[in-house]
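Input: a single structure, listed below in structure tokens.
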Amino acid sequence: MNEPEWVQHAIWWQVYPLGFVGAEKAATPHPADTHRLLDLVPWLDYAVGLGASGIALGPVFASETHGYDTTDYFRIDSRLGTSEDFDTLVSEAHQRGLRVLLDGVFNHTGRSFGPFREVLEQGPAAASASWFSLEWPAGAVPGVEPGYRDFEGHHHLVALDHTEPAVADFVVEVMQHWLRRGADGWRLDAAYAVPSSFWADVTARVRADHPDTYFVGEYIHGDYVSAVVDGGLDSVTQYELWKAVWSSLNDANFFELAAALERHNALLGTFAPLTFIGNHDVTRIASKLTDPALVQHAVAVLLTVGGTPSIYYGDEQGYRGIKEDRAGGDDDVRPLFPSSPSELSPIGQPVFSVHQELIGLRRRHPWLHRATTDIVQLSNEALVYRIAASSSESLVVALNLSHGTLSVDAAGAGSVLAGQASVAAGRAVLPGRAWAVLG
């Protein structure tokens, strides 16, 4: 484990900048002089008020469309602004005690990426031809397009060849450039598609100059522990827990969540996963749940189990949005935000208040970062777990999906720290459809 000490207290507010500021859907040949990245500055105090300690930014580098088709890793997307705007945003964030996490798309690039353009223009003799997995037709000459490995069938996303040393050198150079400008860490997009040996080499070289850098890889499924250990990472995205949270709430099947929490415990023995109930790639939790009133239960799980929590912008306001498998199908979950917090609808205030309450609780109990759970009470509609880091540090979390009351053994947890319950004679009673944290 290389996790920097500061990550023990990290709670991310994740933002997808191109959507947040209402940028055009595609880059233009002659971009306007925009400084939209600065539109995030008025939201930094909001993030602090929420309780976050860091801003996790989606792609900010020059790209063709959605940011995950990067064309220039050393330039801020002209739809967002300039490198100086980035410097200002980082400075303003750091002044408020907020860390900044960048989204690095190093598995694939856009077709307009400089080294790939060289291949298209110069043919097999291009110096950068070894950066990609290419198949040239017989007698290929400059101007003839080769076949190439892409990302999961998306032909506009050109996969890099991670066995090529120059690619590793390039990624190290990119990471160090933006770390020198103030970034605190990297989310590694599609990390699961890249050999762990590549990440191990890159992270070791970057840490030699920037030892406090945080690296979290995007992994959907698979052996999370091996991904972290073999890749020299600090964390990976905990998709299994995300699925278990909304699925168990929808199906009134807490056995699924209980099983996922047991597996989550095993991960915590090695690293602290990045936990979430929403991000830029999935349907929002308020839309994923059959009963949006259960969003509070999902938030309670997110902010009481071990890991490093990440809250996707708008989820803390109860935003709805459905991801669809089509062109533009991500737009609904990557929306424009108002120009300032004062313009938010009051409809979202109850969900925001629950986030604040639970983040505050987590901040008062920082040991939750690596705490593990023990199931105390379990049925389809009731789950009670004890979350503990030691014999002297523990909380009890109770979730009730039934419309009747739930009685919980509250021995050793005599007060209600969050949620809704009454405690008497060593037992806590939750109303129907309620949740509570006891301490």
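The values are calculated or read from the model by the stated rules, or taken from the named source; none is laboratory data. Since this is a predicted model, take the numbers as computed values, not measurements. Cβ placement follows ideal geometry from the backbone for every residue including glycine, while neighbour counts extend to all protein chains displayed. The accessibility values were calculated without ligands, DNA or RNA, using every heavy atom of the protein model including side chains. Shrake-Rupley method; radii C 1.70, N 1.55, O 1.52, S 1.80 Å.
General observations
- In Hz, Karplus ³J(HN,Hα) per residue of region 79-87 (6.51, -1.76, 1.60; θ = phi - 60°; x = Gly, Pro): 6, 9, x, 10, 4, 5, 5, 4, 4
- The H on the amide N of residue 418, modeled in the peptide plane, is under 5 Å from the matching H of 437, each at least 5 residues off or on a different chain.
- Placing +1 on each Lys and Arg Cβ and -1 on each Asp and Glu Cβ, with no other charges, gives region 107-157 a dipole about its Cα centre of roughly 60 debye.
- Note that region 30-46 has calculated 3J(HN,Hα) couplings of 10, x, 6, 7, 10, 9, 5, 4, 5, 5, 6, 4, x, 9, 5, 5, 4 Hz, one per residue in order, obtained from phi through the Karplus relation 6.51 cos²θ - 1.76 cosθ + 1.60 (θ = phi - 60°); glycine and proline are x.
- Long-range amide H partners of residue 132 with built H, under 5 Å: 161
- Antiparallel bridge percentage (DSSP; both residues within the chain; nearest 5): 60 percent
- Value of [θ]222 nm, deg cm²/dmol, for the chain, DSSP H segments ≥ 4, -39500 (n - 2.57) each, nearest 500: -8500 deg cm²/dmol
- Listed values for region 115-120 are Karplus-derived 3J(HN,Hα) couplings in whole Hz (6.51 cos²θ - 1.76 cosθ + 1.60, θ = phi - 60°), namely x, 6, 4, 4, 4, 5, and x replaces Gly and Pro.
- For the chain, the residue among 6, 221, 78 whose Cα projects farthest onto the positive side of the dipole built from Cβ charges is 6.
- Per residue, in Å², the accessible surface of the chain once ligands and nucleic acids are set aside, probe 1.4 Å: 38 Å²
- Look at the alpha carbon pairs under 8 Å that are at least 6 residues apart: their mean separation over the length of region 40-97 gives a relative contact order of 33 percent.
- Fluctuation leader among 195, 115, 137 - the chain, Gaussian network, Cα springs under 10 angstrom: 137
- Listed residues 318, 348, 232, most fluctuating in the chain (Gaussian network, C-alpha, under 10 Å): 348
- Ordering 414, 167, 241 by the projection of their Cα atoms onto the charge dipole of the chain, which places +1 on the Cβ of Lys and Arg and -1 on the Cβ of Asp and Glu, puts 414 at the extreme positive end.
- Take every pair of alpha-carbon atoms less than 8 Å apart whose residues are at least six positions apart; their mean separation over the length of region 205-316 yields a relative contact order of 24 percent.
- Cα gyration tensor shape for region 227-334, rounded if a/c is under 1.5, else prolate or oblate: oblate
- For the chain, the residue among 306, 391, 198 whose Cα projects farthest onto the positive side of the dipole built from Cβ charges is 391.
- Most fluctuating residue given options 63, 197, 91, as computed from a GNM of the chain linking Cα atoms under 10 Å: 197
- Straight-distance crosslink candidates among lysines, where the alpha carbon sits under 23 Å from residue 243 and sequence neighbours closer than 8 are dropped: 288, 323
- The share of accessible area on the chain that comes from carbon and sulfur is 52 percent, using a 1.4 angstrom probe.
- Among 143-152, 173-182, 79-88, the order from most to least packed when residues are scored by Cβ within 10 Å on average: 79-88, 173-182, 143-152
- Simple Cβ-charge dipole of the chain, Lys/Arg +1 and Asp/Glu -1, about Cα centre, in debye nearest 20: 1320 debye
- Length-normalised contact order for region 1-111 - Cα pairs under 8 Å, 6+ apart - percent: 32 percent
- About its Cα centre, region 117-212 has a charge dipole of approximately 220 debye under the convention of +1 per Lys or Arg Cβ and -1 per Asp or Glu Cβ, with nothing else charged.
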